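Report on the following structure.
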Amino acid sequence: MAFLDIAHVGKTFGAASVVNDVNLAIEKGEFVTLLGPSGCGKTTLLRMIAGFESASSGSIHIDGHDVTLQRARQRRVGMVFQSYALFPTMTVADNIAYGLKIAREPKSAIAERVEQMMKLIRLSQHAQHYPWQLSGGQQQRVALARALASSPRLLLLDEPLSALDAKIRVALRDEIRALQRKLGITTLFVTHDQEEALSLSDRVVVMNEGRIEQVGTPFEIYNFPRTRFVASFVGTLNILNSRVLDEASGLVEVDGQTVTVARLRRSGHGERTLALRPEAVVLESPLAGRNSLMATIEEVNFLGSVVRLRARLQETVLSFDIFNDPGQTLPQRGSRVALGFSHDNLLELEAS
Ligand SMILES: Nc1ncnc2c1ncn2[C@@H]1O[C@H](COP(=O)(O)OP(=O)(O)O)[C@@H](O)[C@H]1O
Ligand SMILES: [Mg+2]
């Protein structure tokens, strides 16, 4: 059994089923992210693991123990919230000490642990400050220290960076990951931000409407999405509606032109939904062994290091990126271009 084992867990509020038959196994020391749009059930799942919410069905095991019916305090789980949730009338040191005091740890042990935690988050000089005297990023580091102070078996973070400015967000994100590696603590992180999920995680769990859509490494999730939902939620994506012409060779038709799919998932003829990432497309004359589509440039967006172009076949519109190069001439709107990409880059998505 995995360190954190979630089996057939569901949650209903009245008639509404918000978490649906979730199965997830997380190994000791792993950093796993739940990624999904607002309202898909991420917080509810996290709260069931922490024990703030009971599961309507299924079971949860932590380190071999069945915690499904245990109260939050018995589970030895640390949690960090989006809103920091620090006690406003307590100093930084007292906030961090809170859980240890509740657990009736000896005074000297608490003092030592608090000092250790403040060093860990580099806020020792703020020990006697109150939360309102700290920046958002600092407050969130205190919340992290408070969650870690009682040496939890599991660290749960619910969109801990969402309330912060972009720059702080990236800095704190890297800090959380470094800390997690140093402590080796098994971590489940919740976000609706795909970049955050991809950059932080050993594995990403993509959720949609209370269900898990796909679990995989960031590389797998981004490069080999199984469903249209995963493909479009994780990164920018071009969708091509196609019709199979020759199954054996993978030849399909898109808006009256033909391209080849390296691997068709299903056998038979008929319609297939294909996905193509913007970075897979280049401007190039048709080449043997590569796909080529003729299109008309509709939009040229100069973004600095990259230029994002939009081109139309007939119904199909493709976005793609080229790197900036001061020596090149950018294509003009209305010009006809040939778009090249490899057979491997056309992914067939599951029928939805
Ligand atoms: N205590 C509750 N009572 C009724 N509905 C709830 C409760 N908590 C959450 N929900 C509903 O469950 C769904 C999932 O919510 P949540 O887990 O917070 O999603 P997320 O964290 O992914 O945004 C939402 O539709 C939300 O309105
Ligand atoms: Mg939430």
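Just so you know, all these numbers are worked out from the coordinates, no wet-lab data involved. Keep in mind that this is a model prediction, so the values were computed, not measured.
For a test of the definition: using alpha carbon positions, the gyration tensor, and the 1.5 limit on a/c, classify region 213-294 as rounded, prolate or oblate.
On the way: a/c = 1.98, a/b = 1.32, b/c = 1.50.
Oblate, because a/c is 1.5 or more while a/b does not exceed b/c.
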Revision key, fill the gap. The helix 107-120 Cα axis meets the longest alpha-carbon principal axis of the chain at an angle in degrees, between 0 and 90 and rounded to 10, of 30
Review point. Using the alpha-carbon atoms, what tilt in degrees (0 to 90, nearest 10) does helix 136-149 show relative to the longest principal axis of the chain?
Key: 60
Review point. In whole percent, what relative contact order does the chain give with Cα contacts below 8 Å and a gap of six or more residues?
Key: 16
Review point. How big is the gap, in Å, between the Cα center of region 23-64 and the Cα center of region 244-287?
Key: 38
Revision key, fill the gap. Helix 166-183 sits off the longest principal axis of the Cα atoms of the chain, rounded to the nearest 10 on a 0 to 90 degree scale, by 60
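Would you compute, from DSSP H runs of 4+ residues alone, the mean residue ellipticity of the chain at 222 nm, taking -39500 (n - 2.57) per run and dividing by the full residue count, rounded to the nearest 500?
On the way: 8 runs with 85 residues, N = 352.
Calculated mean residue ellipticity at 222 nm is -7000 deg cm²/dmol.
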**Study point:** Lysine pair count for the chain [Cα-Cα under 27 Å; pairs on different chains or 8 or more apart]
**Key:** 14
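Give the whole-number value, in cubic angstrom per residue, of the convex hull volume spanned by the C-alpha atoms of the chain. All intermediate terms of the calculation are to be shown ahead of the outcome.
Working: hull volume 62.5 nm³, N = 352.
Per residue, the Cα convex hull of the chain comes to 178 Å³.
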